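This report concerns only the one structure given below.
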Amino acid sequence: MTTHTRNDQRFAATLADLLRHSVGVIESNQAETGAYIASPAFPVYRYCWFRDGAFIADAMSRAGRIESAERFFDWCARILTDRANTIVSQVEARRKGEAIPPNALLHCRYTLEGDEAPEEWWNFQLDGYGAWLWALGEHAARHQRPLAGYTDAVELCVRYLIAFWAEPSYDWWEENAGHQHTSTLAAIAAGLRHAATWQTIDSPLRDETADAAGEIAGEVRSRGVRDGRLTKWLDGDGIDASLVACATPFRLLAPDDPLVVETVRVIEERLRGPAGGVHRHADDSYFGGGEWPLLAAFLGWYYNDVDRSEDAHAQLAWIAAQATPNGDLPEQVGANLLVPEARETWEQRWGPVATPLLWSHAMLLTLALELEATKPPIVP
């Protein structure tokens, strides 16, 4: 047996343990209500985000943990139907051109019981609602699960997104209010494209949904491009690692579209670390601006889509290497900080970096399953 073979076997065993641990971390931090807590050890993350939760549920669906995923989808549906009157009235106000304060719109995160969080937060974010529709659609197709039970919630969500998708919002990172963020638009379009095919919702609404998804794609191509690549927000020129999701997995553009290829090249040049980690954006100072395992997973997932298998596996190995001795994955790692002096300020404010972060564990699961480094079901 060669050293290379022994190393491969050792990594496979380590990865298998880490994947089982990841499922265990996610399931042990899913509330009775179905909500996934973002991070149990980080006070301001002891809530459930639609965005994080959608990717977590998608990973659990892939891993064969169907009940866990559907409990989350049901929690989201209750969030929406419990606010049906508010959504309907806000959509009507938007149709009439009436102003609605952003803080009055749907929140991005809720308590595990499904209530609005009491603290002041950067709440107007739309990507999570699109991501919920996307993850629900992927799950239903993957496991041939019925969608009829979600009709009311889906129609509310779709009407809300059609009404408000063009409104400026916060980005994935709860920053940069006042812009139409390209990765946010990709998530919305992905969810709307799924919903437009569901026979469970009203036929005229399906047509409106498909039209809105197409309009979003057109806006990105006309206003979200600079120097042959995608931009962080419309009419801007910035770069952000979340732009990978415009292709993988949201398919606003094909992975081999020249705009995507150039976007990824710039991300590699400006935001990818020397060993495989990925920064959010060049101006990031949150906890010093470290490399995020979940973004490394998005990039690896993209590499797999474009047949860069060696690069994809390198991303998987880098993520696995960031686990703590007990197997927990953090939100970000501090070996290659953009603004080292800022880390202490954040630690004094909120404590150590969020560890474990369920979204990090979910993206490891997704990448490993996409690369067929493991097979479902994954049992903790």
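The values are calculated or read from the model by the stated rules, or taken from the named source; none is laboratory data. Here the structure is a predicted model, which means the values were calculated and not measured. Because the Cβ atoms are built from the backbone with ideal geometry, glycine has one as well, and the counts that use them run over all protein chains shown. We work out accessible area using only protein heavy atoms, side chains counted, and drop any ligands, DNA or RNA first. Shrake-Rupley method; radii C 1.70, N 1.55, O 1.52, S 1.80 Å.
Which of the residues belonging to region 117-133 are among the aliphatic types (A, V, I, L, M) and in contact with a helix residue (DSSP H, G or I) (Cβ under 8 Å, 6 or more places away or on another chain)? Give the steps one after another, and end with the answer.
Keep residues of region 117-133 that are among the aliphatic types (A, V, I, L, M), which gives 117, 126, 131, 133.
Once the filter is applied, which keeps residues that are among the aliphatic types (A, V, I, L, M) and in contact with a helix residue (DSSP H, G or I) (Cβ under 8 Å, 6 or more places away or on another chain), region 117-133 yields L126, A131, L133.
Every residue in region 314-338 that is in contact (Cβ under 8 Å) with a residue 60 or more places away in the chain, assigned to a helix (DSSP H, G or I) and surrounded by 18 or more Cβ atoms within 10 Å (Cβ to Cβ), please.
L316, A320
Restricting attention to region 157-172, does a residue exist that is closer than 22 Å to R62 by Cα and open to solvent by less than 40 Å² (accessible area, probe 1.4 Å)?
At the first step, the residues of region 157-172 found to be closer than 22 Å to R62 by Cα are none.
No.
Looking at region 179-205 only, could you name the residues that are modelled with pLDDT of 95 or more, assigned to a helix (DSSP H, G or I) and more than 19 Å from L252 (Cβ to Cβ)?
P204, L205
For region 245-257, does any single residue satisfy the condition of being in a helix (DSSP H, G or I), within 20 Å of A54 (Cα to Cα) and under 14 Å from the mean Cα position of the chain (by Cα)? Before you say what the answer is, go through the steps one by one.
Applying the first criterion (in a helix (DSSP H, G or I)) to region 245-257 yields 245-246.
Still in the running and within 20 Å of A54 (Cα to Cα): 245-246.
Filter once more, so that each one left must be under 14 Å from the mean Cα position of the chain (by Cα): 245-246.
Within region 245-257 (the criterion being in a helix (DSSP H, G or I), within 20 Å of A54 (Cα to Cα) and under 14 Å from the mean Cα position of the chain (by Cα)), the answer is yes, since at least one residue qualifies.
Going residue by residue through region 169-176, is there one that turns out to be in a loop (DSSP other than H, G, I, E, B) and more than 16 Å from the chain's Cα centre (by Cα)?
yes
Just need a number here: residues in region 258-280 that are of a type outside the set (D, E, K, R) and in a helix (DSSP H, G or I). Let's see the steps before the verdict.
In the first step, residues of region 258-280 are kept if they are of a type outside the set (D, E, K, R); the result is 258-261, 263-264, 266-267, 271, 273-279.
With the extra rule that they be in a helix (DSSP H, G or I), the set shrinks to 258-261, 263-264, 266-267.
Number of matching residues: 8.
Tell me, yes or no, whether region 92-101 has at least one residue that is of a type outside the set (F, W, Y) and in contact (Cβ under 8 Å) with a residue 40 or more places away in the chain.
Step one: of region 92-101, the residues of a type outside the set (F, W, Y) are 92-101.
This time we only want the ones that are in contact (Cβ under 8 Å) with a residue 40 or more places away in the chain, so: 94-95.
Yes: one or more hits.
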